[in-house]
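The values are calculated or read from the model by the stated rules, or taken from the named source; none is laboratory data. Note that the structure is a prediction, hence the values are computed from the model and not measured. Cβ coordinates were reconstructed from backbone atoms using ideal geometry, including for glycine residues, and neighbour counts include every protein chain displayed. Areas reflect the complete protein model, heavy atoms only, side chains present, ligands, DNA and RNA absent. Shrake-Rupley method; radii C 1.70, N 1.55, O 1.52, S 1.80 Å.
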Protein chains: 2
Amino acid sequence: MSSTGLSAPGLSPAADEGLRARKRAATQSALERAAISLALEHGYDSVTVDMICEAAMVSPRTFFNYFGTKEGAFLGGTPPAPTDAEHRAFVHGTGRDVLGDLVGMIAAALADQSPDTDLLRKRRMLIERIPELLTGEMSRIAELEEHLVQLVLERFHTQGHAESDTLDQQDEARMVVFVAASVMRYSMQKWFSGGFTGTPAELLHHSLTLVRRVTGAAAPAPRSSPRG
Amino acid sequence: MSSTGLSAPGLSPAADEGLRARKRAATQSALERAAISLALEHGYDSVTVDMICEAAMVSPRTFFNYFGTKEGAFLGGTPPAPTDAEHRAFVHGTGRDVLGDLVGMIAAALADQSPDTDLLRKRRMLIERIPELLTGEMSRIAELEEHLVQLVLERFHTQGHAESDTLDQQDEARMVVFVAASVMRYSMQKWFSGGFTGTPAELLHHSLTLVRRVTGAAAPAPRSSPRG
DNA sequence: CAATAAAATTACGGTAGCTGCACCAATACC
DNA sequence: GGTATTGGTGCAGCTACCGTAATTTTATTG
């Protein structure tokens, strides 16, 4: 199941996957829709899992078979995980802009999800209203951090960095991931608070430019001896 | 062990605050210590609130009177807040290195309340080890971040930045705070994992240099018109 | 079409986090 | 001392979540 990457459906039920997969996708979709509608109507906290299940006509146990947590139904079934293709594209990237490429990969993984624009719209409305969900989504990304550090290290190696300063490379990789997390946090907050009118790509470009401006200003008076 | 055994370290033992406050601080400290030791011994998930309460000799109901959540006992009662003096020093800082100064202020605030460093270290290791705690801590810090954004904006104003591009300034302030948070996270991880031999000041300088190196690489092909 | 394997769904029971409430004990204030 | 606050506790209850085994649904094979 590693090849096509479709095993965890971003909800493309239609064509060839058989009746089983289609029903599965239908149930998942029904649960997500029920969850979001109910939350928009009654508020997130007052919606119980039982309510969602009743609306979607499944047993509560089934709910947790799909989403292991209540939050999951609101954020969407599949946590953002870059596909193998995206992995390779990043690791073998030739450019010097590791930070930009990493952010791009994460954003692409986020964008991979369901194309249902209406559901996305409602979900965005919900997240805008309940900040708890925003932090929830961020923590789903944070789960990947260790993995991302490994990816950055791989990229360093394939770019032929010397093996001698491996320790420095680990530090740098970790920092790249941390800063990328900041950029994602900034972008998502801006995105979900509705203060941005452009496309997601433009938003990312804006964020990357901003993070460079913010860090770029060198201190006017170099403290001790600069550059070690 | 009626009184002295737990003389409220990590909080303001406040010799003058009265018996009530002292007992309170003692109980809170006992709960936090019990929580962290138990988690280091048995793992976070297998530690129940009841276990912590039994070790700290309080009722489970009391536990939730102190920390509204299980997580709270592990993260500790009070996030570090800079003093008024530190506020002013930062806001009226004249240099261009806003990021460096902000990181400096946060670090100073951390150093101010020097509660039992051993407890801090154990807590830090736990937090980095358990992603659930990590995200929990980040969302707690997020509340503090709003305040920091305001501080950065104040500094911009006292530095006489034009009022016209207030929106841009808000964006920039927010990004400064986010990046500062990343720098702090990197520094603390490096510090408490024992991988750094120098002084805290040197560590901060190292982190700031690193974050600049990481973001410094300009994109090879500037897209459209930069410089919004 | 029938038999069988595999997978999804379900009911049931239980644990743990968390809360409101009312009561009692300790402390602060006068 | 007496009285008002405040902190600690037991109880009853709700909800998220999980292990397990039974039941139904789908896929497969002859």
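For the reader, a short list of remarks on this structure follows.
- Estimated translational D of the range B:15-141 in µm²/s (Stokes, Kirkwood radius over Cα pairs; 4 °C; 1.567 mPa s): 79
- Simple spin-label estimate for A:Arg61 and A:Thr197 in nanometres, 7 Å along Cα-Cβ: 5.4
- The angle between the Cα long axis of helix B:200-216 and the longest principal axis of the Cα atoms of chain B comes to about 50 degrees, rounded to the nearest 10.
- The distance separating the Cα centre of the range A:175-191 from that of the range A:99-113 comes to 11 Å.
- Inter-part distance where the range A:58-72 and the range B:125-146 are each reduced to a Cα centre, Å: 26
- FRET efficiency, A:Ala26 to A:Gln159 (Cβ-Cβ, R0 41 Å, nearest 0.05): 0.35
- Mean projected area of the convex hull spanned by the Cα atoms of the protein assembly as shown, taken over all viewing directions: 26.2 nm².
- The helix-based estimate of mean residue ellipticity at 222 nm for chain B, built from -39,500 (n - 2.57) per DSSP H run of four or more residues and divided by its residue count, is -22000 deg cm²/dmol to the nearest 500.
- Shortest-first distances to equivalent copies, position B:His42, nm, label 7 Å out along Cβ: 3.5
- Accessible area of the protein assembly as shown belonging to carbon and sulfur atoms, whole % at 1.4 Å probe: 56
- Rg to Rh, two decimals, where the range A:74-166 supplies the alpha carbon set and Rh follows Kirkwood: 1.07
- Relative to the other identical copies, A:Glu143 shows label-point distances of 2.6 nm, where the label point lies 7 Å from Cα along the Cβ direction and values run shortest first.
- The range A:19-75: radius of gyration over Cα atoms, expressed as a fraction of 2.2 N^0.38 Å: 1.04
- The modelled label-to-label distance for the pair A:Glu145/A:Asp45, using points 7 Å beyond Cα in the direction of Cβ, is 2.8 nm.
- The Cα atoms of the range A:80-123 cover 38, 18, 11 Å along the three principal axes, with the biggest extent listed first.
- Computed over the range A:114-179, the quotient of the alpha carbon radius of gyration and 2.2 N^0.38 Å is 1.62.
- When B:Ala201 is represented by a point 7 angstrom out along its Cα-to-C-beta vector, the spacings to that point in the other copies are 4.8 nm, nearest first.
- A compact globular protein would have a Cα radius of gyration near 2.2 N^0.38 Å; the ratio found for chain A is 1.19.
- Entry comment: accessible area of the protein assembly as shown is 53 Å² per residue, from protein heavy atoms only and a probe of 1.4 Å.
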